[in-house]
Amino acid sequence: MNKKSFSLIELLVVIAIIGILASLILPALGKARAKSRQAVCNSQHKQMGMASYMYNDDNENYMPSASSNDTSSRLGWKDHLVVYLAGEVHRNYTGAAPFRCPDSEVKTGFSNQEAGTTYNIKFGDFRFNAKPAVKITDIESAVETVVIADSIDDTSWVDVSYNLPSENAIGNRHNGSLNLLWVDGHVQSATQTVISAGKNGEQDYYYLVTK
């Protein structure tokens, strides 16, 4: 009884076919994983949006300031929102969801900076420019004003004006785009180019908040 066996050529052909199939499937799987992480980031922006609205209700319609009342704290706006998300303020939350984007690649050594999200400083910042908190009713266009956005992963730049987010502080880590939470509560994905260009001749149009 003769046993049928693979020749070397047949074996090489099978290996080549498997390699071709893998090369076709793996990129698709990578894109699917990236889309999944973007969807998680999108959901986290919505959670932060809900927390912001609850903060508004408890604080006479004022938006959370970019800095906390504790001027020694570097956690800023997250200090205001965390009580509506975790129920307890602790010093490790900034490196975790929902504040941390699952695609963030920021490497600074500080968990609050490595979260990969940035907040509109024009809602007020008690530390740097003594700008008081802004009421949500003072925002002219809620549907076109950014609250929170994906930040850049490159930390080699220095923004001495502290006007964040700005054209050099928003990122494009989600396949060339970034997730944005707007004042009216909706979350949108947009390209860095579109957001950086602004509107009506204002480069920071999407961060202007007062009438």
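The values are calculated or read from the model by the stated rules, or taken from the named source; none is laboratory data. If you're wondering where the values come from, they're calculated on a predicted model, not measured in any experiment. Quick reminder, even Gly has a Cβ in these numbers, built from the backbone with ideal geometry, and neighbours come from all protein chains shown.
One residue stands out among those in the range 172-211 that are outside any loop (DSSP other than H, G, I, E, B), more than 14 Å from Phe123 (Cα to Cα) and touching a Leu at 6+ places or on another chain (Cβ under 9 Å): the one that is modelled with the highest pLDDT, which is Val187.
Of the residues Phe99, Phe123, the single one that is crowded, with 16+ Cβ neighbours inside 10 Å, at pLDDT 80 or above, closer than 19 Å to Asp184 by Cβ and hydrophobic (A, V, I, L, M, F, W, C) is Phe123. No other residue among Ala28, Ala51, Ala16, Ala115 is part of a helix (DSSP H, G or I) and at pLDDT 80 or above apart from Ala51.
Conditions (1) at pLDDT 70 or above; (2) closer than 17 Å to Gln47 by Cβ; (3) under 12 Å from the mean Cα position of the chain (by Cα), marked per residue:
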| site | (1), (2), (3) |
| --- | --- |
| Val147 | yes, yes, yes |
| Asp150 | yes, yes, yes |
| Asp153 | yes, no, yes |
| Ser156 | no, no, no |
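Remark: Ser67 falls outside the filter, which requires a residue to be assigned to a loop (DSSP other than H, G, I, E, B), modelled with pLDDT under 85 and surrounded by fewer than 20 Cβ atoms within 10 Å (Cβ to Cβ).
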